[in-house]
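Right, one structure below, let's go through it.
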Amino acid sequence: MTETAAETAAEHATVHTFRTRTRSDRGGGRGAGYDLAPEAGPDAGPRTRPGGHPGHGPVAAPAPGATVVTDDDGGPLPGGRTDAVVFVVRDAERAAMRYLDLLGLSCTAYAGPDTGEPETVSYVLQGPGSRFVLTSVVQVVGERGRTLAAHLARHGEGVVDLSVSVPDVHYAYDFAVDRGARSYAEPYEMRDRHGSVLIAVIGAPGGIRHTLVDRSRYAGPYLPGFVAPTAGRLVRKTAAQVD
């Protein structure tokens, strides 16, 4: 990435996080029953809230092709579809080259130190109906870097997050946590010049996190903080060259 492109990315791809909302009642309607709370964010510690209740308001209409089933209370589960499969790897660029050559994917977004992300390098690869994010740790500065480095040391390369697109992040998050899912981040918002994305993060047995995403108001290449790759950012090589 050229110096001019890096300056543009730093100016326009800044991630802004906002105060998130925690539920204070069982009010109905989309996003109802939440109050602003300053303590939560993308690096908030895990929190478990077991139990359940039948009194949620209606969920927004699911996107075409989304799966909707009912639970024991007779209410709709917040159906969604896979948004991205996120891998932690030792060398994201090398892994991305392999995926590009062997699977015929396209690199559609990039984030790293030159775009304002000091801890990691990430490549977003897409194909028909699929999206993969390959991330490697550059340096450990905060909680995200520590989490990824620890996972890599303990388990090796592999999936760390299954991102799911849902029509209502607040409803899906609340539904899951009330039924025993671990909360890693209550719903919060990310913005850049392309719009805003609403995100929450939960955990399930097995250690893989699930990011709940509503990107209906976002027109960027992936998420705030990511930029479209410039020419020469990811040089394609043959499989023999990267073995």
Subject >> Pairs, first over 12 Å from Ala96 (Cβ atoms) and touching a residue at least 40 places away in the same chain (Cβ under 8 Å) in the stretch 107-135, second assigned to a strand (DSSP E or B) and of a type in the set (Ser, Thr, Tyr), C-beta under 6 Å, six or more apart >> reply: Ala111/Ser122
Original post:
Looking at the stretch 134-150, which of its residues are surrounded by 19 or more Cβ atoms within 10 Å (Cβ to Cβ) and either among the aliphatic types (A, V, I, L, M) or within 16 Å of Tyr184 (Cβ to Cβ) (or both)?
Top reply: Leu134, Val137, Leu148
**OP:** Any chance you could count how many residues in the stretch 189-229 are of a type outside the set (A, V, I, L, M, F, W, C), in contact with a strand residue (DSSP E or B) (Cβ under 8 Å, 6 or more places away or on another chain), under 26 Å from Ala96 (Cα atoms) and part of a loop (DSSP other than H, G, I, E, B)?
**Re:** 8
Subject >> Number of positions in the stretch 195-226 that are open to solvent by 50 Å² or more (accessible area, probe 1.4 Å) and within 22 Å of Glu119 (Cβ to Cβ) >> reply: 3
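The values are calculated or read from the model by the stated rules, or taken from the named source; none is laboratory data. The shown structure was predicted, so the numbers you read here are calculated from the model rather than taken from an experiment. Methodologically, a virtual Cβ is constructed for each residue, glycine included, from the backbone with ideal geometry; neighbour enumeration extends over all protein chains shown. Just the protein is used for accessible areas: all its heavy atoms, side chains included, with ligands, DNA and RNA removed. Shrake-Rupley method; radii C 1.70, N 1.55, O 1.52, S 1.80 Å.
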